[in-house]
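Below is one structure; the comments refer to it alone.
The values are calculated or read from the model by the stated rules, or taken from the named source; none is laboratory data. Here the structure is a predicted model, which means the values were calculated and not measured. Every residue, glycine as well, gets a Cβ built from its backbone with ideal geometry; the counts of neighbours run over all protein chains shown.
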Amino acid sequence: MSDTSLLNDKKVLIVDDEPDILEVLEEMLDMCKVTKASTFDEAKELLEKNDFDLAILDIMGVDGYKLLHIAKHKNITAVMLTANALSPDNLIKSIEGGAASYLPKEEMINITTFLIDILKSQDKGKSSWEFWHNRLFSPYFKKKWGNDWMKDQDRKYWEKIQDR
């Protein structure tokens, strides 16, 4: 099991238009100082006026990519959490946008592990995508999308992730 003490008192913004997702994540991250937002405007205001260590952003419903841009501009580590936008194209868009990770909501139960992986990567000055690759690339995405889901024109992303 991961050492959740790395998450103690971290300021985390959670943005999702589904109240039950916000509640579950808040419970799972009870060691953190959690702020929740359910709309783009609410999240934008919170990002602009506050400092956060981490932001967990839904893609659909709250314009997560615009929020990712704001978070990156403020040097806030962002994680994309999605169900409806779960696709290779959205994975690439998350990587290009500067997200630290891209997680299916099905894997939300492991959110503390993923966040700890990100924090450990940052402490070591490494990319968080190495941990992502080990935990999700082969076991989850290859199973979900099949072995041929990686397009040749996107090869640079897959090589970058696999070379870690």
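Applying a threshold of 7 Å to beta carbon distances and a minimum spacing of six or more residues, or different chains, the list of pairs starting in the range 122-133 at a residue that is assigned to a loop (DSSP other than H, G, I, E, B) and ending at one that is at pLDDT below 70 and polar (S, T, N, Q) is empty.
Does Ile109 meet the test of being of a type in the set (Val, Ile, Thr) and part of a helix (DSSP H, G or I)? For Ile109, the condition - of a type in the set (Val, Ile, Thr) and part of a helix (DSSP H, G or I) - is met. Do we have any residue at all in the range 90-99 that's crowded, with 20+ Cβ neighbours inside 10 Å and within 20 Å of Leu22 (Cα to Cα)? Yes: one or more hits. Within the range 100-117, track down each residue that is surrounded by fewer than 18 Cβ atoms within 10 Å (Cβ to Cβ), over 21 Å from Thr39 (Cα atoms) and of a type outside the set (Val, Ile, Thr). Residues satisfying the conditions are Glu106, Glu107, Asn110.
Listed here are the residues, each with its yes/no results for (1) closer than 22 Å to Lys11 by Cβ; (2) aliphatic (A, V, I, L, M); (3) under 13 Å from the mean Cα position of the chain (by Cα).
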| position | (1), (2), (3) |
| --- | --- |
| Asp41 | yes, no, no |
| Leu46 | yes, yes, no |
| Ile76 | yes, yes, yes |
| Asn90 | no, no, yes |
| Ala99 | yes, yes, yes |
